[in-house]
Amino acid sequence: MPAEKNGRDGGVQSLQRAFELLEHLADTGGEASLSELATLSGLPMPTIHRLIRTLVDLGYVRQNTNRRYALGARLIRLGENASMQFGAWARPLLAELVEEVGETANLAVLERDEVVYVAQVPSKHSMRMFTEVGRRLLPHGTGVGKAMLAHLPPEEVRSLLDRTGMPAYTEHTFTDPDALAAELSRIASQGYALDEAEQELGVRCVAVAVPGAPVPAAVSVSGPSGRLTAEAVAHIAPAVQRVADALGASLSQAALSV
């Protein structure tokens, strides 16, 4: 049996190509034909077919009834475990943020059209916010979700909202896509998102997207609206931005060291 050629970074070429195909599938929205994958990757059709069949056999890709290929369910477990490891890595920075601002700090990622909380460090106040790690919410009704959506292309946001709908968590939740689009534009300009009792009454949240994260991610600080006043937000927002930037810089350094 002939030996595999080495890829440009010394790895096995077929393994490198298989991961690139998974990335191409993700870039196309999770579904593509063999010919589309051949165009995107520049690989010959026989090579594409061999790699895809292997990925299908392993459960990382599935073939739909329309004969197009989509990301497989086996990737979900890998993604969820990676998200939790990401959260564990971020906890020291979240703890520093809590020490600085005195309120609960969170880290969330966007996964399968939902916000998933992957880490939290609670405040020391007796009255404090608590979100269970692993909890899933729709992004339009959360500060972290809006911070992440503000950094996605508008057409991707519209497609996501078409899939999920915009149910109201409270009377303050955005339920109109045009109003949300205007809000996301404001968030992109000011650099942080506010959840004004949109997910839970009596709670305010300040959230900032993590730059350069491998998946959309955001850091937030949340607390009772009575403590997170406009004056408090003016102090907290820059602190959240610093932590988000620090986490993004750590991710970039880790990627360069691989």
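The values are calculated or read from the model by the stated rules, or taken from the named source; none is laboratory data. Model, not experiment: these values are computed from the prediction. No Cβ is skipped: glycine too gets one built from the backbone with ideal geometry, and neighbour counts run over all protein chains shown. The accessibility values were calculated without ligands, DNA or RNA, using every heavy atom of the protein model including side chains. Shrake-Rupley method; radii C 1.70, N 1.55, O 1.52, S 1.80 Å.
See the values below:
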{"item": "Sole residue being more than 19 Å from Val101 (Cβ to Cβ), surrounded by 14 or more Cβ atoms within 10 Å (Cβ to Cβ) and not small (Gly, Ala, Ser), chosen from Val157, Val203, Val208", "result": "Val157"}
{"item": "Qualifying residue in the range 71-81 (condition: β-branched (Val, Ile, Thr), out of contact with any Ser or Thr (no Cβ under 6 Å at 6 or more places or on another chain), assigned to a helix (DSSP H, G or I) and free of Cβ contacts under 8 Å to residues at least 60 places away in the same chain)", "result": "yes"}
{"item": "Which listed residue, of Arg62, Arg77, Arg50, Arg67, is open to solvent by 90 Å² or more (accessible area, probe 1.4 Å) and at pLDDT below 80", "result": "Arg77"}
{"item": "Residues of the range 179-238 satisfying the condition of being in contact with a helix residue (DSSP H, G or I) (Cβ under 8 Å, 6 or more places away or on another chain), assigned to a helix (DSSP H, G or I) and of a type in the set (Asp, Glu)", "result": "Glu183"}
{"item": "Inter-residue pairs, beta-carbon under 6 Å, first assigned by the TED database to the domain that holds Ala207 and in the range 150-170, second in a helix (DSSP H, G or I), 6+ apart", "result": "Ala150/Leu184; Ala150/Ile187; Ala150/Ala188; Val157/Leu149; Leu161/Pro177; Met166/His140; Tyr169/Gly141"}
{"item": "Which listed residue, of Val118, Val98, is over 21 Å from the mean Cα position of the chain (by Cα), closer than 18 Å to Ala207 by Cβ and of a type in the set (A, V, I, L, M, F, W, C)", "result": "Val98"}
{"item": "Among the residues listed as Ser220, Ser185, the single one being modelled with pLDDT of 95 or more, buried (at least 22 other Cβ atoms within 10 Å of the Cβ) and of a type in the set (S, T, N, Q)", "result": "Ser220"}
{"item": "Unique match (being among the hydroxyl-bearing types (Ser, Thr, Tyr), open to solvent by 30 Å² or more (accessible area, probe 1.4 Å) and at pLDDT 95 or above) among Thr142, Thr170, Thr175", "result": "Thr175"}
{"item": "Test for Glu96: is it within 21 Å of Val210 (Cβ to Cβ) and surrounded by 15 or more Cβ atoms within 10 Å (Cβ to Cβ)", "result": "yes"}
